[in-house]
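Q: My questions all concern the structure below.
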Amino acid sequence: MAHRYRRYMQRAWLWMMGGLLLAVAWGRALSAVGVENGETGRQGPATHVGQDGNAWVLENAFLKVVLEPQSGAWEVLDKRVGHRWSSVVEEPKRREVLRNVQKVENDAISCETTLFWRDNKPYPGTVTLRLPADSADLFMTVDMPDREVAFSNQRFWTPLFYRSEHGVIAIADYCNGHLYPVTEEQLPRRWFNTSRLDMPWVGVCDLPTGVGYMILVETSDDGYVELRKVQKGDQFAWVPSIGWSPSMGKFSYPRKLIWHFVDKGGYVALAKRYRAYAQELGLIVPFSEKVKANPELKRLFGAPDVWGNANLQFAQEARQAGIRRLLVQGRMPPDQMRQVNELGYITSEYDNYTDVLPVDSEDKIDRSHDFVPQNVVLQANGERMKAWLTFDKKTQFMKRCPALWVRTAQRDIPKILAEYPFLGRFIDVTTAEDLYECYDPAHLLTRAQKRQCGVDLLHYVRSLKLVVGGEHGIWWAVPYVDYFEGMMSCNAYFSWPAGHLIPPKSKDEAFTSPWGDKLPPWSEYERWGIGHRERAPLWELVFHDCVVTTWYWGDSSDFLLQAAPEITPKKDAFNVLYGTIPLLWADRRRGSWLNHRDVFLRTYRNTCILHEVIAGTEMLNHEFVTENRDVQRTTFSDGTVVIVNFGSEPYELAVDGGNKYLLPQNGFYVKGPRIEQIRGLENGRIVTTIRTADYEHREEE
């Protein structure tokens, strides 16, 4: 009621003051109305478009965007908190960077700028900036008069500079989420194709205040994000810069960005803005909807993803050990498979339509074989694309053109299902690899068309009423996939050949990949791979209620028991905090089932009972409880709260009711309407208790 009264009084005041005072009154109107962070849909003053001296201004109730045509500099004032985001001009001698600036709509301006030079000739593009009246979004489109002109990677627009001791760049870079410090002397990664970002956005924010912005790349198939170390005055900072890549060697189509600004909430607010965008695209398909299409999917909730021991005996032993749900990966005799299904478990197996070896006749084509070279991707340089290389370098697979994926799956999978009663299927590579082009006239593909080939394949597998898994994860696949392996891991920082399933014997063991690359040292994995201070669950904040995520199979919960046994309880703590499931091994060569069953069962209990409860919930929030980021909290939409202590020192937690708990390293406190779970210190011993409506467990370590 108070909001409506203030709104009425403010509008009356503006009407009485008249149009001449509208711009002056704008900022006051905002505070009087009480606009929330990122809020849209309210009726307010129309967007103001005009000039202020030589500068051009776009302004609404949330933002004031100012462009300097001469230098190309720009700034954004977030009027809600008075924060000013300013660009850094790296070539100050340039003049008339933005030309022919003009108002084109009531909320938009356009200008001409040089996108690139070739042979001393400038190639212009037209940039349109639109600022709707009711949001903190700045929409940006760039187009060329001749889209067929030869084009190469080109940076676009001047980046916004921000430096703060607690400033971070938020990005889901083949990982659930990273927070890279803007003041770090050197960053481990600086270039990302937008087509391979797990979600096509990058954000900048200040952790204490929560102010920030994101660049959402709407046309992400052909582009890149470059993290650049830039200087402004006597300070430097890392900034995200957007660039465009060619499509089949050309500009080809208009490129689009959304700049979204938040006055609070930081990376959580940015992730939620992307969730709203994903909802508009139809990407938010929650488990409540997926289960209607395939009721067997319920078996996935709370099921550890287990490789290496696909047989009835293992499943029966798992049931006797108290494992209520299980994802069993691998083929076994059909009669055994039926019995495993009857235990309430999911039977699944590995599948791959990307990597092929040659055959000489049509009848021999299957998921692992095809005609080479004619059905292999033809690259722009005229070479056929290579795929997986075995660690001994003896077998080189080739890359089947994605245009042929569905045709192959339609030949293979029905035959398999006719004999083997699988309930699931794991599709390797498709969602893990980047987009690429094929120049073979028989199966020509742009990157966008390659993405659609992935959608078509996963959609087909899903149509067979199977629980669908994929390697790693990507935004466009969420409606068609139920779980992604590897998103809890950070693949760029493995110091061992994780993809080839070769575990390190010690943290100091050095490896080189089959392609000749020296793998990073353990310290890189320790900080950027499994480190908790520079990670955040960006993916889970968007998609937790839509898809389940695990660790990578060469970075499983129990993969490092020889080199670093302390990593397993830390991964368990991450699973608890993020509300995700573990990946475990059960064979004689690796994992914990045979030689460390207590570790296997502890990981199951501590992570999977919770996941049974919260699998279909949205993650509402993630926050750092302590300044050193050792203690973290997540909140889920059913009211469940999770607190984890990653620090080496015990953390005393006081909760409502006056109760206090002492959480050891990797200890946790979980409280929700359907579960209570604590791993804490009692009389110097670590004690874990888990209670739900139908489960109770207590264990001393």
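The values are calculated or read from the model by the stated rules, or taken from the named source; none is laboratory data. What you are looking at is a predicted structure, and each value in this text was computed from that prediction instead of being measured. Note: ideal-geometry Cβ built from the backbone for every residue, glycine included; neighbour counts use all protein chains shown. Only protein heavy atoms, including side chains, enter the accessible area calculation; ligands, DNA and RNA are left aside. Shrake-Rupley method; radii C 1.70, N 1.55, O 1.52, S 1.80 Å.
Q: Using modelled backbone amide H atoms (1.01 Å from N, in-plane), which distant-in-sequence or interchain residues come within less than 5 Å of G667's amide H?
A: Placed amide hydrogens put N645 under 5 Å from G667.
Q: Still on this structure: Tell me what the chain gives for mean residue ellipticity at 222 nm when only DSSP H runs of n ≥ 4 count, each as -39,500 (n - 2.57), the sum divided by the residue total, rounded to 500 deg cm²/dmol.
A: The helix contribution divided over the chain gives -6000 deg cm²/dmol.
Q: Of all the accessible heavy-atom surface of the chain, with the other protein chains kept in place and a 1.4 Å probe, what percent is carbon and sulfur?
A: 49 percent
Q: Using only Cα atoms, find the angle between the long axis of helix 22-33 and the longest principal axis of the chain, and express it within 0 to 90 degrees, rounded to the nearest 10.
A: Value to nearest ten degrees: 40.
Q: Let me ask something additional. Express the Stokes-Einstein translational diffusion coefficient of segment 454-557 in µm² s⁻¹, to the nearest whole number, given a Kirkwood radius over alpha-carbon pairs, 10 °C and a viscosity of 1.306 mPa s.
A: Taking Rh from Cα pairs, D becomes 105 µm²/s.
Q: Let me ask something else about it. Which lysines, if any, have their Cα less than 28 Å from the Cα of K671, not counting same-chain residues under 8 positions apart?
A: Reachable lysines: K264, K272, K290, K298, K570, K571, K660.
Q: Then there is this: At a 1.4 Å probe radius, which order do K393, K232, K571, K272 fall into by accessible area, largest first?
A: The residues order as K393, K232, K272, K571, largest area first.
Q: Kindly state, as a whole number, the per residue volume in cubic angstrom of the convex hull around the alpha carbon atoms of segment 577-701.
A: It comes to 127 Å³ per residue, whole-number rounded.
Q: Right, something else. Could you tell me how many degrees, from 0 to 90 and to the nearest 10, lie between the Cα long axis of helix 447-463 and the main elongation axis, the longest principal axis, of the Cα atoms of the chain?
A: 40 degrees
Q: Tell me which aspartates and glutamates have Cα within less than 19 Å of K121's Cα, excluding those fewer than 8 residues away on the same chain?
A: In chain and number order, the partners are E91, E96, E112, D143, D146, E148.
Q: I've got another one for you. Report, by chain and number, residues whose modeled amide H sits under 5 Å from the one on I581, excluding near sequence neighbours (fewer than 5 apart, same chain).
A: Answer set, sorted by chain and number: T549.
Q: Apply the Kirkwood formula to segment 260-336: the hydrodynamic radius equals the inverse of the mean of 1/r over all pairs of different alpha-carbon atoms; give it in Å with one decimal.
A: Radius from the Kirkwood sum: 16.0 Å.
Q: With a ≥ b ≥ c the root eigenvalues of the C-alpha gyration tensor of segment 215-277, is it rounded (a/c under 1.5), prolate (a/b larger than b/c) or oblate?
A: Here segment 215-277 falls in the oblate category.
Q: Give a residue-ordered list of calculated ³J(HN,Hα) values for segment 72-88 (Karplus: 6.51 cos²θ - 1.76 cosθ + 1.60, θ = phi - 60°; whole Hz; x for Gly, Pro).
A: x, 5, 8, 8, 10, 9, 7, 5, 5, 10, x, 7, 10, 9, 10, 7, 10
Q: Nearest 10 degrees is fine. How inclined is helix 567-578 to the longest principal axis of the chain, computing both from alpha carbons?
A: That works out to roughly 50 degrees.
Q: OK, next. Any chance you could tell me what percent of the C-alpha pair distances in the chain go past 42 Å?
A: The share of Cα pairs beyond 42 Å in the chain comes to 31 percent.
Q: Give me the 1.4 Å probe accessible area per residue for the chain, excluding ligands and nucleic acids, in Å².
A: I get 40 Å² per residue for the chain.
Q: With the cut-off at 1.5 for a/c, could you classify segment 267-420 from its C-alpha gyration tensor as rounded, prolate or oblate?
A: Since a/c reaches 1.5 but b/c is at least a/b, the shape of segment 267-420 is classed as oblate.
Q: Using only the alpha carbon atoms of segment 335-389, find the Kirkwood hydrodynamic radius as the inverse mean reciprocal pair distance, in angstroms to one decimal.
A: Result for segment 335-389, one decimal place: 13.9 Å.
Q: How much accessible area does R407 have with a 1.4 Å probe, in Å² rounded to the nearest 10?
A: Spelled out: R407, probe radius 1.4 Å, area about 60 Å².
Q: Might you work out the accessible area of E526 for me, using a 1.4 Å probe with all protein chains in place, and round it to the nearest 10 Å²?
A: Using a 1.4 Å probe on the heavy atoms, I get roughly 100 Å².
Q: Same structure, new question: Taking H as built 1.01 Å from N, whose amide H comes closer than 5 Å to the amide H of T219, not counting residues under 5 places away?
A: Sorted by chain and number, the residues that satisfy this are K256.
Q: Follow-up question, since we're still on this one. For each cysteine in the chain, check whether another cysteine's C-beta sits under 4.7 Å from its C-beta; list those where none does.
A: Lone cysteines by the Cβ rule: C111, C205, C401, C438, C453, C546, C608.
Q: Can you bin segment 618-674 into rounded, prolate or oblate? Criterion: square roots of the alpha carbon gyration tensor eigenvalues sorted a ≥ b ≥ c, rounded for a/c under 1.5, prolate for a/b above b/c, oblate for the rest.
A: Cα axes put segment 618-674 in the oblate bin.
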